[in-house]
Amino acid sequence: MTSSQIIVLATPVFLLLIGLEFAIGRARGHNTYRLPDAITSIGLGMLSQISAVFTRLLRVGIYTAIFSTVAIFPDAALWNHWTGWLLALLFYDFCYYWHHRLGHESAVFWAAHVVHHQSEDYNLSTALRQTSSGALLGWIFYVPMAVVGVPPLVFAVVALVDLLYQYWIHTQQIGRLGWFDRVFASPSNHRVHHAVNDAYLDKNYGGILILWDRLFGTFTDEDPTNPCVYGTRKPLRSWDPLWANLEVYAALARDSWRTRRRGDKLRVWFKPPGWRPADLAAVEPATPFEPARLQRFETPMAPGLQWFSALQFLALLGGVALFLWHAENWPLSRSAVWFGVLLAGLWAVGAVMQGRLLPLEALVIEAGALSMAAAADGWREAHLFFKPAAMVLALLLVAQAWGSGRLRGAAALWLGLALAGSLAGDVFLMLEGLFIPGLVAFLLAHLAYIVLFGQGVSWWSSRGILVLALGYALVMVIVLWAGGLPGALRVPVAIYATVIALMAAQALGRALQLRDTASWLVAAGAIAFVISDTLLAVNRFLTPLSASPVWVLSTYYAAQCLIVGGILRSERVKRAVQAPNNPPSAAGGATPR
(Lines give C-alpha, C1' and ligand atoms only; values in the text may rest on other atoms or scores of the structure.)
Protein backbone atom coordinates (compact mmCIF):
# COMPACT_ATOMS: atom_id res chain seq x y z
CA MET A 1 0.00 0.00 0.00
CA THR A 2 1.35 3.41 -0.96
CA SER A 3 1.56 6.43 1.33
CA SER A 4 -1.08 8.14 -0.85
CA GLN A 5 -3.49 5.26 -0.26
CA ILE A 6 -2.84 5.45 3.49
CA ILE A 7 -3.76 9.13 3.37
CA VAL A 8 -6.99 8.23 1.52
CA LEU A 9 -7.89 5.71 4.23
CA ALA A 10 -7.07 8.24 6.95
CA THR A 11 -9.17 11.00 5.36
CA PRO A 12 -12.53 9.89 6.86
CA VAL A 13 -10.87 9.95 10.29
CA PHE A 14 -9.53 13.46 9.62
CA LEU A 15 -12.99 14.66 8.60
CA LEU A 16 -14.71 12.95 11.53
CA LEU A 17 -12.36 14.67 13.96
CA ILE A 18 -12.94 18.00 12.22
CA GLY A 19 -16.68 17.49 12.65
CA LEU A 20 -16.18 16.61 16.31
CA GLU A 21 -14.00 19.67 16.91
CA PHE A 22 -16.59 21.88 15.19
CA ALA A 23 -19.39 20.44 17.37
CA ILE A 24 -17.37 20.91 20.55
CA GLY A 25 -16.52 24.47 19.60
CA ARG A 26 -20.18 25.30 18.90
CA ALA A 27 -21.25 23.75 22.21
CA ARG A 28 -18.62 25.76 24.09
CA GLY A 29 -19.42 28.98 22.29
CA HIS A 30 -15.92 28.98 20.84
CA ASN A 31 -16.31 27.98 17.19
CA THR A 32 -12.96 28.19 15.39
CA TYR A 33 -14.22 27.38 11.88
CA ARG A 34 -15.23 29.47 8.88
CA LEU A 35 -16.42 27.61 5.79
CA PRO A 36 -14.24 29.30 3.13
CA ASP A 37 -11.12 29.08 5.29
CA ALA A 38 -11.70 25.40 6.08
CA ILE A 39 -12.39 24.55 2.42
CA THR A 40 -9.24 26.43 1.38
CA SER A 41 -7.09 24.73 3.99
CA ILE A 42 -8.30 21.23 3.18
CA GLY A 43 -8.15 22.05 -0.54
CA LEU A 44 -4.49 23.04 -0.17
CA GLY A 45 -3.89 19.71 1.54
CA MET A 46 -5.58 17.96 -1.38
CA LEU A 47 -3.43 19.91 -3.84
CA SER A 48 -0.31 19.02 -1.87
CA GLN A 49 -1.13 15.32 -2.00
CA ILE A 50 -1.97 15.16 -5.71
CA SER A 51 1.09 17.21 -6.67
CA ALA A 52 3.24 14.81 -4.63
CA VAL A 53 2.62 12.20 -7.34
CA PHE A 54 5.00 14.21 -9.55
CA THR A 55 7.71 14.71 -6.92
CA ARG A 56 8.39 11.04 -6.14
CA LEU A 57 11.91 11.45 -7.54
CA LEU A 58 12.63 14.24 -5.05
CA ARG A 59 10.82 12.64 -2.12
CA VAL A 60 12.09 9.08 -2.50
CA GLY A 61 14.31 8.79 -5.57
CA ILE A 62 17.15 11.04 -4.38
CA TYR A 63 17.05 9.50 -0.90
CA THR A 64 17.21 5.99 -2.37
CA ALA A 65 20.07 6.94 -4.70
CA ILE A 66 22.14 8.37 -1.83
CA PHE A 67 21.32 5.37 0.37
CA SER A 68 22.36 2.94 -2.37
CA THR A 69 25.63 4.78 -3.01
CA VAL A 70 27.09 6.02 0.28
CA ALA A 71 25.09 4.46 3.16
CA ILE A 72 27.43 3.60 6.06
CA PHE A 73 25.25 0.95 7.76
CA PRO A 74 22.76 -0.13 5.07
CA ASP A 75 22.42 -3.75 6.18
CA ALA A 76 22.50 -3.30 9.92
CA ALA A 77 20.20 -5.72 11.74
CA LEU A 78 19.14 -2.76 13.86
CA TRP A 79 16.75 -1.57 11.13
CA ASN A 80 14.77 -4.82 11.41
CA HIS A 81 14.18 -4.38 15.15
CA TRP A 82 11.71 -2.09 16.87
CA THR A 83 14.56 -0.19 18.50
CA GLY A 84 15.92 0.66 15.05
CA TRP A 85 12.54 1.95 13.94
CA LEU A 86 12.30 4.07 17.10
CA LEU A 87 15.79 5.47 16.53
CA ALA A 88 14.87 6.21 12.91
CA LEU A 89 11.77 8.10 14.09
CA LEU A 90 13.87 10.15 16.53
CA PHE A 91 16.45 10.77 13.80
CA TYR A 92 13.70 11.91 11.42
CA ASP A 93 12.15 14.18 14.05
CA PHE A 94 15.55 15.77 14.65
CA CYS A 95 16.03 16.40 10.91
CA TYR A 96 12.46 17.67 10.71
CA TYR A 97 13.18 20.20 13.46
CA TRP A 98 15.94 21.76 11.34
CA HIS A 99 13.87 21.54 8.17
CA HIS A 100 11.03 23.30 9.97
CA ARG A 101 13.31 25.88 11.57
CA LEU A 102 14.99 26.81 8.28
CA GLY A 103 11.47 27.04 6.84
CA HIS A 104 11.06 30.10 9.08
CA GLU A 105 14.59 31.50 8.94
CA SER A 106 15.39 31.41 5.22
CA ALA A 107 13.16 33.05 2.61
CA VAL A 108 13.33 30.33 -0.04
CA PHE A 109 12.24 27.68 2.48
CA TRP A 110 9.61 30.02 3.92
CA ALA A 111 8.19 30.43 0.41
CA ALA A 112 7.21 26.76 0.55
CA HIS A 113 6.28 26.54 4.23
CA VAL A 114 4.22 29.75 4.34
CA VAL A 115 1.20 27.87 2.96
CA HIS A 116 0.79 26.06 6.26
CA HIS A 117 0.69 29.34 8.19
CA GLN A 118 -1.59 31.45 6.00
CA SER A 119 -4.85 30.52 7.70
CA GLU A 120 -6.06 33.11 10.17
CA ASP A 121 -7.97 30.36 11.97
CA TYR A 122 -6.40 27.56 13.97
CA ASN A 123 -8.15 24.20 13.88
CA LEU A 124 -7.75 20.67 12.57
CA SER A 125 -8.33 21.80 8.99
CA THR A 126 -5.21 23.96 9.36
CA ALA A 127 -3.20 20.77 9.92
CA LEU A 128 -4.16 19.62 6.43
CA ARG A 129 -3.08 22.91 4.87
CA GLN A 130 0.21 21.87 3.27
CA THR A 131 2.56 23.18 0.61
CA SER A 132 2.88 21.74 -2.88
CA SER A 133 6.49 22.87 -3.36
CA GLY A 134 8.14 21.63 -0.17
CA ALA A 135 9.71 18.61 -1.89
CA LEU A 136 11.77 20.83 -4.21
CA LEU A 137 14.35 21.55 -1.49
CA GLY A 138 13.04 19.74 1.58
CA TRP A 139 14.82 16.47 0.75
CA ILE A 140 18.15 18.11 1.61
CA PHE A 141 17.47 17.92 5.35
CA TYR A 142 17.05 14.13 5.36
CA VAL A 143 20.26 13.25 3.49
CA PRO A 144 22.01 12.42 6.82
CA MET A 145 19.51 9.60 7.36
CA ALA A 146 20.38 8.11 3.96
CA VAL A 147 24.11 8.48 4.64
CA VAL A 148 23.83 6.68 7.98
CA GLY A 149 21.92 3.88 6.29
CA VAL A 150 18.26 4.19 7.33
CA PRO A 151 16.53 2.06 4.64
CA PRO A 152 14.13 3.91 2.31
CA LEU A 153 11.13 1.91 3.55
CA VAL A 154 11.90 2.76 7.17
CA PHE A 155 12.43 6.40 6.20
CA ALA A 156 9.08 6.56 4.38
CA VAL A 157 7.17 4.99 7.28
CA VAL A 158 8.66 7.17 10.04
CA ALA A 159 8.11 10.27 7.87
CA LEU A 160 4.43 9.36 7.59
CA VAL A 161 4.19 8.71 11.35
CA ASP A 162 5.79 12.09 12.11
CA LEU A 163 3.36 13.82 9.76
CA LEU A 164 0.24 12.08 11.07
CA TYR A 165 1.19 12.78 14.70
CA GLN A 166 1.08 16.50 14.04
CA TYR A 167 -2.57 16.44 12.97
CA TRP A 168 -4.13 16.45 16.43
CA ILE A 169 -2.04 19.32 17.81
CA HIS A 170 -3.75 21.84 15.52
CA THR A 171 -6.65 22.69 17.82
CA GLN A 172 -7.79 25.34 20.27
CA GLN A 173 -10.18 22.96 22.02
CA ILE A 174 -7.47 21.16 24.03
CA GLY A 175 -5.77 23.15 26.78
CA ARG A 176 -2.55 22.61 28.70
CA LEU A 177 -1.46 18.99 29.26
CA GLY A 178 1.00 19.31 32.14
CA TRP A 179 4.14 17.18 31.85
CA PHE A 180 3.23 16.22 28.27
CA ASP A 181 3.70 19.83 27.15
CA ARG A 182 7.27 19.77 28.50
CA VAL A 183 8.31 16.77 26.39
CA PHE A 184 6.14 16.57 23.29
CA ALA A 185 4.71 18.87 20.67
CA SER A 186 1.20 19.54 21.95
CA PRO A 187 -1.77 21.77 21.08
CA SER A 188 -0.54 24.46 23.48
CA ASN A 189 3.02 24.37 22.13
CA HIS A 190 1.91 24.39 18.53
CA ARG A 191 -0.56 27.23 19.00
CA VAL A 192 2.47 29.30 19.94
CA HIS A 193 4.23 28.20 16.76
CA HIS A 194 1.35 29.40 14.55
CA ALA A 195 1.02 32.77 16.30
CA VAL A 196 2.40 36.02 14.92
CA ASN A 197 2.64 37.80 18.29
CA ASP A 198 6.11 39.22 18.93
CA ALA A 199 6.65 36.93 21.91
CA TYR A 200 5.72 33.81 19.94
CA LEU A 201 7.24 34.44 16.53
CA ASP A 202 9.45 31.62 15.17
CA LYS A 203 9.19 29.36 18.18
CA ASN A 204 8.35 25.70 18.94
CA TYR A 205 9.39 23.92 15.74
CA GLY A 206 9.32 20.35 17.05
CA GLY A 207 7.23 17.80 15.12
CA ILE A 208 6.80 15.11 17.79
CA LEU A 209 9.29 16.19 20.47
CA ILE A 210 9.38 19.72 21.85
CA LEU A 211 12.67 18.77 23.52
CA TRP A 212 14.53 19.90 20.41
CA ASP A 213 13.26 23.44 20.99
CA ARG A 214 14.28 23.34 24.63
CA LEU A 215 17.72 22.07 23.60
CA PHE A 216 18.34 24.65 20.86
CA GLY A 217 16.72 27.68 22.51
CA THR A 218 13.58 28.07 20.42
CA PHE A 219 10.97 27.10 23.01
CA THR A 220 8.36 29.50 24.37
CA ASP A 221 5.44 28.63 26.61
CA GLU A 222 1.88 29.74 25.84
CA ASP A 223 0.90 32.73 27.95
CA PRO A 224 -2.84 32.95 28.82
CA THR A 225 -2.49 36.73 29.13
CA ASN A 226 -1.16 37.00 25.57
CA PRO A 227 -3.69 35.25 23.31
CA CYS A 228 -2.34 33.83 20.06
CA VAL A 229 -3.03 35.76 16.85
CA TYR A 230 -2.89 33.42 13.86
CA GLY A 231 -1.84 33.86 10.25
CA THR A 232 1.19 35.56 8.75
CA ARG A 233 2.58 39.07 9.08
CA LYS A 234 1.81 39.66 5.41
CA PRO A 235 -1.68 38.14 5.14
CA LEU A 236 -2.58 36.20 2.01
CA ARG A 237 -6.12 37.62 1.84
CA SER A 238 -7.25 35.13 -0.77
CA TRP A 239 -8.94 31.74 -1.12
CA ASP A 240 -6.91 30.98 -4.26
CA PRO A 241 -4.85 27.75 -3.77
CA LEU A 242 -2.48 28.60 -6.62
CA TRP A 243 -1.69 32.05 -5.28
CA ALA A 244 -1.30 30.61 -1.79
CA ASN A 245 1.55 28.46 -3.11
CA LEU A 246 3.12 31.17 -5.26
CA GLU A 247 2.76 34.45 -3.37
CA VAL A 248 6.13 34.45 -1.58
CA TYR A 249 8.02 33.03 -4.57
CA ALA A 250 6.54 35.84 -6.66
CA ALA A 251 7.56 38.49 -4.13
CA LEU A 252 11.12 37.12 -3.92
CA ALA A 253 11.43 36.94 -7.71
CA ARG A 254 10.14 40.52 -8.01
CA ASP A 255 12.67 41.83 -5.45
CA SER A 256 15.48 39.80 -7.01
CA TRP A 257 14.70 41.28 -10.41
CA ARG A 258 14.32 44.88 -9.23
CA THR A 259 17.26 45.25 -6.86
CA ARG A 260 20.39 46.73 -8.43
CA ARG A 261 23.18 44.92 -6.57
CA ARG A 262 24.11 41.52 -7.95
CA GLY A 263 24.77 40.08 -4.52
CA ASP A 264 21.33 41.15 -3.34
CA LYS A 265 19.70 39.40 -6.29
CA LEU A 266 20.89 36.11 -4.75
CA ARG A 267 20.87 37.19 -1.12
CA VAL A 268 17.12 37.95 -1.15
CA TRP A 269 16.38 34.22 -1.50
CA PHE A 270 18.37 33.11 1.54
CA LYS A 271 18.03 35.95 4.04
CA PRO A 272 15.29 35.72 6.70
CA PRO A 273 11.71 36.32 5.53
CA GLY A 274 10.93 40.02 5.38
CA TRP A 275 14.50 41.07 4.58
CA ARG A 276 14.75 43.38 1.58
CA PRO A 277 17.71 44.92 -0.27
CA ALA A 278 18.57 48.43 0.92
CA ASP A 279 17.66 50.10 -2.37
CA LEU A 280 14.15 48.60 -2.32
CA ALA A 281 13.63 49.12 1.41
CA ALA A 282 14.48 52.81 0.96
CA VAL A 283 11.72 53.44 -1.57
CA GLU A 284 9.23 50.94 -0.12
CA PRO A 285 9.66 51.05 3.67
CA ALA A 286 7.99 48.25 5.61
CA THR A 287 4.84 49.00 7.54
CA PRO A 288 5.23 48.32 11.29
CA PHE A 289 3.41 45.12 12.27
CA GLU A 290 0.65 45.54 14.84
CA PRO A 291 -1.20 42.28 15.70
CA ALA A 292 -4.00 44.19 17.41
CA ARG A 293 -4.92 45.89 14.12
CA LEU A 294 -5.12 42.69 12.07
CA GLN A 295 -8.52 41.97 10.56
CA ARG A 296 -9.35 38.50 9.33
CA PHE A 297 -9.98 38.11 5.63
CA GLU A 298 -13.71 37.72 5.01
CA THR A 299 -15.81 37.44 1.87
CA PRO A 300 -19.62 37.70 1.96
CA MET A 301 -21.24 34.39 1.03
CA ALA A 302 -25.00 33.91 0.79
CA PRO A 303 -26.36 30.56 2.03
CA GLY A 304 -26.82 29.31 -1.54
CA LEU A 305 -23.19 30.11 -2.36
CA GLN A 306 -22.05 28.33 0.79
CA TRP A 307 -23.99 25.21 -0.19
CA PHE A 308 -22.60 25.35 -3.72
CA SER A 309 -19.03 25.67 -2.44
CA ALA A 310 -19.50 22.85 0.08
CA LEU A 311 -20.95 20.47 -2.53
CA GLN A 312 -18.19 21.35 -4.98
CA PHE A 313 -15.64 20.66 -2.27
CA LEU A 314 -17.16 17.23 -1.51
CA ALA A 315 -17.12 16.31 -5.20
CA LEU A 316 -13.47 17.35 -5.46
CA LEU A 317 -12.64 15.39 -2.31
CA GLY A 318 -14.04 12.27 -3.94
CA GLY A 319 -12.08 12.97 -7.11
CA VAL A 320 -8.86 13.46 -5.17
CA ALA A 321 -9.41 10.20 -3.28
CA LEU A 322 -9.83 8.29 -6.55
CA PHE A 323 -6.78 10.00 -8.03
CA LEU A 324 -4.56 9.22 -5.04
CA TRP A 325 -5.70 5.60 -4.93
CA HIS A 326 -4.76 4.94 -8.57
CA ALA A 327 -2.24 7.56 -9.69
CA GLU A 328 0.89 5.79 -8.42
CA ASN A 329 0.17 3.03 -10.96
CA TRP A 330 -0.70 5.37 -13.85
CA PRO A 331 1.66 6.76 -16.48
CA LEU A 332 2.68 10.29 -15.57
CA SER A 333 0.92 11.62 -18.67
CA ARG A 334 -2.43 10.24 -17.48
CA SER A 335 -1.84 11.53 -13.96
CA ALA A 336 -1.01 14.97 -15.37
CA VAL A 337 -4.31 15.15 -17.27
CA TRP A 338 -6.46 14.32 -14.24
CA PHE A 339 -4.28 16.49 -12.01
CA GLY A 340 -5.20 19.37 -14.31
CA VAL A 341 -8.90 18.65 -13.84
CA LEU A 342 -8.60 18.63 -10.05
CA LEU A 343 -6.43 21.75 -10.06
CA ALA A 344 -9.00 23.59 -12.19
CA GLY A 345 -11.76 22.56 -9.79
CA LEU A 346 -9.86 23.61 -6.66
CA TRP A 347 -9.01 26.97 -8.21
CA ALA A 348 -12.60 27.52 -9.37
CA VAL A 349 -14.06 26.84 -5.92
CA GLY A 350 -11.67 29.36 -4.37
CA ALA A 351 -12.58 31.92 -7.03
CA VAL A 352 -16.30 31.40 -6.37
CA MET A 353 -15.86 31.86 -2.61
CA GLN A 354 -13.87 35.03 -3.26
CA GLY A 355 -16.50 36.43 -5.64
CA ARG A 356 -14.18 36.34 -8.66
CA LEU A 357 -16.28 33.72 -10.47
CA LEU A 358 -19.99 33.05 -10.62
CA PRO A 359 -21.04 29.46 -9.80
CA LEU A 360 -22.02 28.83 -13.42
CA GLU A 361 -18.62 30.07 -14.57
CA ALA A 362 -16.99 27.51 -12.28
CA LEU A 363 -19.21 24.77 -13.70
CA VAL A 364 -18.25 25.74 -17.27
CA ILE A 365 -14.55 25.49 -16.37
CA GLU A 366 -15.04 22.14 -14.67
CA ALA A 367 -17.13 20.68 -17.49
CA GLY A 368 -14.54 21.80 -20.02
CA ALA A 369 -11.72 20.25 -17.99
CA LEU A 370 -13.66 16.98 -17.66
CA SER A 371 -14.41 16.96 -21.39
CA MET A 372 -10.71 17.37 -22.17
CA ALA A 373 -9.61 14.69 -19.70
CA ALA A 374 -12.27 12.21 -20.83
CA ALA A 375 -11.21 12.65 -24.47
CA ALA A 376 -7.52 12.25 -23.60
CA ASP A 377 -8.26 9.16 -21.49
CA GLY A 378 -10.47 7.51 -24.11
CA TRP A 379 -13.57 7.74 -21.91
CA ARG A 380 -15.96 8.36 -24.79
CA GLU A 381 -19.23 8.31 -22.83
CA ALA A 382 -18.03 11.02 -20.43
CA HIS A 383 -16.65 13.08 -23.31
CA LEU A 384 -19.96 12.90 -25.16
CA PHE A 385 -21.69 14.26 -22.05
CA PHE A 386 -19.28 16.92 -20.82
CA LYS A 387 -18.36 18.49 -24.18
CA PRO A 388 -21.87 19.77 -24.98
CA ALA A 389 -22.55 20.28 -21.25
CA ALA A 390 -19.82 22.93 -21.08
CA MET A 391 -21.46 25.04 -23.80
CA VAL A 392 -24.96 24.47 -22.40
CA LEU A 393 -23.74 25.77 -19.03
CA ALA A 394 -22.12 28.76 -20.79
CA LEU A 395 -25.44 29.55 -22.49
CA LEU A 396 -27.21 29.33 -19.13
CA LEU A 397 -24.61 31.71 -17.72
CA VAL A 398 -25.32 34.23 -20.48
CA ALA A 399 -29.07 33.85 -19.97
CA GLN A 400 -28.67 34.38 -16.23
CA ALA A 401 -26.50 37.47 -16.78
CA TRP A 402 -29.03 38.89 -19.24
CA GLY A 403 -31.98 38.12 -16.96
CA SER A 404 -30.33 39.80 -13.98
CA GLY A 405 -29.37 42.88 -16.01
CA ARG A 406 -25.62 42.19 -15.84
CA LEU A 407 -25.43 41.77 -19.62
CA ARG A 408 -26.98 44.15 -22.15
CA GLY A 409 -29.40 42.82 -24.77
CA ALA A 410 -27.13 43.17 -27.81
CA ALA A 411 -24.11 41.69 -26.06
CA ALA A 412 -26.22 38.84 -24.69
CA LEU A 413 -27.65 38.15 -28.16
CA TRP A 414 -24.34 37.94 -30.01
CA LEU A 415 -22.57 36.09 -27.21
CA GLY A 416 -25.46 33.64 -27.02
CA LEU A 417 -25.36 33.10 -30.80
CA ALA A 418 -21.60 32.52 -30.69
CA LEU A 419 -21.98 29.94 -27.92
CA ALA A 420 -24.92 28.28 -29.67
CA GLY A 421 -22.83 27.97 -32.82
CA SER A 422 -20.00 26.51 -30.75
CA LEU A 423 -22.38 24.02 -29.15
CA ALA A 424 -23.61 22.90 -32.57
CA GLY A 425 -20.02 22.67 -33.81
CA ASP A 426 -19.02 20.58 -30.80
CA VAL A 427 -21.85 18.12 -31.42
CA PHE A 428 -21.14 17.84 -35.15
CA LEU A 429 -17.40 17.32 -34.68
CA MET A 430 -18.00 14.53 -32.15
CA LEU A 431 -19.92 12.57 -34.78
CA GLU A 432 -18.43 10.81 -37.78
CA GLY A 433 -18.83 12.39 -41.22
CA LEU A 434 -20.06 15.78 -40.01
CA PHE A 435 -16.87 17.80 -40.28
CA ILE A 436 -18.31 20.30 -42.80
CA PRO A 437 -21.44 21.04 -40.70
CA GLY A 438 -19.15 21.45 -37.71
CA LEU A 439 -16.93 23.84 -39.65
CA VAL A 440 -19.96 25.88 -40.74
CA ALA A 441 -21.30 26.03 -37.17
CA PHE A 442 -17.99 27.34 -35.84
CA LEU A 443 -17.75 29.75 -38.77
CA LEU A 444 -21.08 31.25 -37.73
CA ALA A 445 -19.91 31.34 -34.11
CA HIS A 446 -16.82 33.34 -35.08
CA LEU A 447 -18.89 35.73 -37.16
CA ALA A 448 -21.07 36.32 -34.09
CA TYR A 449 -17.93 36.93 -32.04
CA ILE A 450 -16.72 39.48 -34.62
CA VAL A 451 -19.99 41.42 -34.31
CA LEU A 452 -19.80 41.19 -30.52
CA PHE A 453 -16.22 42.48 -30.44
CA GLY A 454 -17.14 45.38 -32.72
CA GLN A 455 -19.75 46.90 -30.40
CA GLY A 456 -18.76 50.37 -29.23
CA VAL A 457 -15.31 50.32 -30.85
CA SER A 458 -13.78 50.86 -34.28
CA TRP A 459 -13.53 48.00 -36.73
CA TRP A 460 -10.01 46.55 -37.03
CA SER A 461 -8.44 49.66 -35.60
CA SER A 462 -4.92 48.22 -35.79
CA ARG A 463 -4.03 47.67 -39.42
CA GLY A 464 -0.74 46.04 -38.43
CA ILE A 465 -2.48 43.40 -36.34
CA LEU A 466 -5.01 42.82 -39.12
CA VAL A 467 -2.24 42.23 -41.67
CA LEU A 468 -0.40 39.87 -39.30
CA ALA A 469 -3.57 37.89 -38.56
CA LEU A 470 -4.52 37.54 -42.22
CA GLY A 471 -0.93 36.68 -43.07
CA TYR A 472 -0.97 33.92 -40.48
CA ALA A 473 -4.23 32.59 -41.95
CA LEU A 474 -2.70 32.62 -45.44
CA VAL A 475 0.37 30.71 -44.26
CA MET A 476 -1.79 28.09 -42.54
CA VAL A 477 -3.93 27.62 -45.66
CA ILE A 478 -0.84 27.21 -47.83
CA VAL A 479 0.68 24.70 -45.41
CA LEU A 480 -2.55 22.70 -45.24
CA TRP A 481 -2.95 22.70 -49.01
CA ALA A 482 0.64 21.56 -49.46
CA GLY A 483 0.13 18.91 -46.78
CA GLY A 484 -2.66 17.23 -48.75
CA LEU A 485 -5.83 18.93 -47.57
CA PRO A 486 -8.69 17.29 -49.56
CA GLY A 487 -9.86 19.38 -52.49
CA ALA A 488 -13.45 19.57 -51.24
CA LEU A 489 -12.22 21.20 -48.01
CA ARG A 490 -9.81 23.76 -49.44
CA VAL A 491 -12.27 26.60 -49.98
CA PRO A 492 -14.25 26.05 -46.73
CA VAL A 493 -11.02 25.85 -44.71
CA ALA A 494 -9.66 29.00 -46.38
CA ILE A 495 -12.85 30.90 -45.57
CA TYR A 496 -12.79 29.61 -41.99
CA ALA A 497 -9.13 30.59 -41.51
CA THR A 498 -9.88 34.08 -42.81
CA VAL A 499 -12.86 34.56 -40.48
CA ILE A 500 -11.04 33.40 -37.35
CA ALA A 501 -8.11 35.68 -38.26
CA LEU A 502 -10.54 38.60 -38.56
CA MET A 503 -12.05 37.64 -35.20
CA ALA A 504 -8.66 37.61 -33.49
CA ALA A 505 -7.62 40.90 -35.12
CA GLN A 506 -10.84 42.59 -34.00
CA ALA A 507 -10.43 41.29 -30.44
CA LEU A 508 -6.86 42.58 -30.25
CA GLY A 509 -7.82 45.92 -31.78
CA ARG A 510 -10.65 46.23 -29.27
CA ALA A 511 -8.22 45.57 -26.40
CA LEU A 512 -5.83 48.24 -27.69
CA GLN A 513 -8.68 50.75 -27.76
CA LEU A 514 -10.25 49.94 -24.39
CA ARG A 515 -7.03 49.03 -22.56
CA ASP A 516 -8.71 47.32 -19.63
CA THR A 517 -8.27 43.89 -18.10
CA ALA A 518 -11.60 42.59 -19.37
CA SER A 519 -10.83 43.39 -23.01
CA TRP A 520 -7.40 41.79 -22.74
CA LEU A 521 -9.05 38.64 -21.39
CA VAL A 522 -11.23 38.60 -24.51
CA ALA A 523 -8.18 39.12 -26.72
CA ALA A 524 -6.35 36.28 -24.98
CA GLY A 525 -9.40 34.09 -25.60
CA ALA A 526 -9.38 34.95 -29.29
CA ILE A 527 -5.69 34.05 -29.55
CA ALA A 528 -6.38 30.78 -27.72
CA PHE A 529 -9.07 30.05 -30.33
CA VAL A 530 -6.53 30.53 -33.14
CA ILE A 531 -4.08 28.20 -31.36
CA SER A 532 -6.77 25.57 -30.78
CA ASP A 533 -7.92 25.61 -34.40
CA THR A 534 -4.32 25.49 -35.62
CA LEU A 535 -3.62 22.43 -33.49
CA LEU A 536 -6.84 20.81 -34.65
CA ALA A 537 -5.95 21.38 -38.32
CA VAL A 538 -2.39 20.11 -37.92
CA ASN A 539 -3.56 17.01 -36.07
CA ARG A 540 -6.34 16.26 -38.54
CA PHE A 541 -4.72 17.08 -41.87
CA LEU A 542 -0.92 17.12 -41.45
CA THR A 543 0.45 14.88 -38.72
CA PRO A 544 -1.05 13.30 -35.57
CA LEU A 545 -0.06 15.18 -32.41
CA SER A 546 0.81 13.40 -29.21
CA ALA A 547 -1.97 13.91 -26.64
CA SER A 548 -3.86 16.01 -29.17
CA PRO A 549 -7.14 16.13 -27.15
CA VAL A 550 -5.25 17.79 -24.30
CA TRP A 551 -3.79 20.56 -26.45
CA VAL A 552 -6.80 21.10 -28.71
CA LEU A 553 -9.50 21.03 -26.05
CA SER A 554 -7.60 22.82 -23.28
CA THR A 555 -6.94 25.79 -25.58
CA TYR A 556 -10.53 25.65 -26.89
CA TYR A 557 -12.10 25.80 -23.44
CA ALA A 558 -9.59 28.40 -22.33
CA ALA A 559 -10.72 30.49 -25.31
CA GLN A 560 -14.41 30.18 -24.49
CA CYS A 561 -13.93 30.84 -20.77
CA LEU A 562 -11.70 33.86 -21.34
CA ILE A 563 -14.09 35.40 -23.88
CA VAL A 564 -17.24 34.81 -21.82
CA GLY A 565 -15.55 35.94 -18.60
CA GLY A 566 -14.06 38.99 -20.30
CA ILE A 567 -17.38 40.07 -21.83
CA LEU A 568 -19.21 39.69 -18.52
CA ARG A 569 -16.56 41.74 -16.75
CA SER A 570 -16.48 44.42 -19.44
CA GLU A 571 -20.23 44.85 -19.07
CA ARG A 572 -19.77 45.14 -15.31
CA VAL A 573 -17.20 47.90 -15.86
CA LYS A 574 -19.55 49.74 -18.22
CA ARG A 575 -22.36 49.68 -15.64
CA ALA A 576 -20.00 50.93 -12.94
CA VAL A 577 -18.88 53.82 -15.15
CA GLN A 578 -22.42 54.72 -16.19
CA ALA A 579 -23.95 54.48 -12.71
CA PRO A 580 -22.49 57.75 -11.30
CA ASN A 581 -23.72 59.58 -14.38
CA ASN A 582 -27.26 58.23 -14.04
CA PRO A 583 -28.17 58.33 -10.33
CA PRO A 584 -31.67 57.22 -9.41
CA SER A 585 -34.09 59.82 -8.11
CA ALA A 586 -34.66 60.09 -4.39
CA ALA A 587 -38.21 58.83 -4.80
CA GLY A 588 -37.02 55.78 -6.70
CA GLY A 589 -38.74 56.78 -9.95
CA ALA A 590 -37.31 58.03 -13.21
CA THR A 591 -34.11 60.03 -13.16
CA PRO A 592 -35.01 63.74 -13.06
CA ARG A 593 -34.09 65.85 -16.07
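The values are calculated or read from the model by the stated rules, or taken from the named source; none is laboratory data. Since we're looking at a predicted model, the values are computed, not measured. We place every Cβ from the backbone using ideal geometry, glycine too, and count neighbours over all the protein chains shown. Note: accessible area is taken over every heavy atom of the protein model, side chains too, but ligands, DNA and RNA are not part of it. Shrake-Rupley method; radii C 1.70, N 1.55, O 1.52, S 1.80 Å.
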- Query: Using the beta-carbon distance between Asp223 and Leu136 and R0 = 30 Å, what value does 1/(1 + (r/R0)^6) give for FRET efficiency, to the nearest 0.05?
  - Reply: 0.25
- Message: Modelling each spin label as a point 7 Å along the Cα-to-Cβ direction, I'd like the Asn329/Ile174 distance in nm, to one decimal.
- Response: 3.6
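Quick check for you: with a 1.4 Å probe and neighbouring chains kept, what is the accessible area per residue of the chain, in Å²? The partial results should precede the final answer.
On the way: 27910 Å² over 593 residues.
Per residue, the chain has 47 Å² of solvent-accessible surface.
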- If amide H atoms are modeled at 1.01 Å from N in the peptide plane, then the residues at a separation of 5 or more from Phe184, or on another chain, having amide H under 5 Å from its own are Ile210
- Query: Spin-label point model (7 Å from Cα, Cβ direction): what's the Val475 to Thr69 distance in nm?
  - Reply: 4.5
- Message: How large is the convex hull of the C-alpha atoms of region 259-377 per residue, in Å³?
- Response: 213
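Could you sort Leu397, Leu128, Leu153 by their accessible area in this structure, using a 1.4 Å probe and putting the largest first? Could you put the intermediate results ahead of the total?
Details: Leu397 5, Leu128 30, Leu153 120 Å².
So the residues, ranked largest to smallest area, are Leu153, Leu128, Leu397.
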- Just the number, please: carbon plus sulfur as a percent of the accessible area of the chain, 1.4 Å probe, no ligands or DNA/RNA counted. 69
- Length gained, Leu246-Thr83, 0.36 nm per residue minus C-alpha separation, equals 54.6 nm
- Task: Provide the gained length on full extension for the span Leu164 to Asp279, in nm with one decimal, where the gain is 0.36 nm per separating residue minus the Cα-Cα distance.
- Result: 37.0 nm
- If N is the residue count of the chain, its Cα Rg over 2.2 N^0.38 Å rounds to 1.12
- Which value, in debye to the nearest 20, describes the size of the charge dipole of the chain about its Cα centre when Lys and Arg Cβ atoms bear +1, Asp and Glu Cβ atoms bear -1, and nothing else is charged? 1540
- Query: How much length is gained on full extension from Leu153 to Arg490, taking 0.36 nm per residue of separation minus their Cα-Cα distance?
  - Reply: 115.2 nm
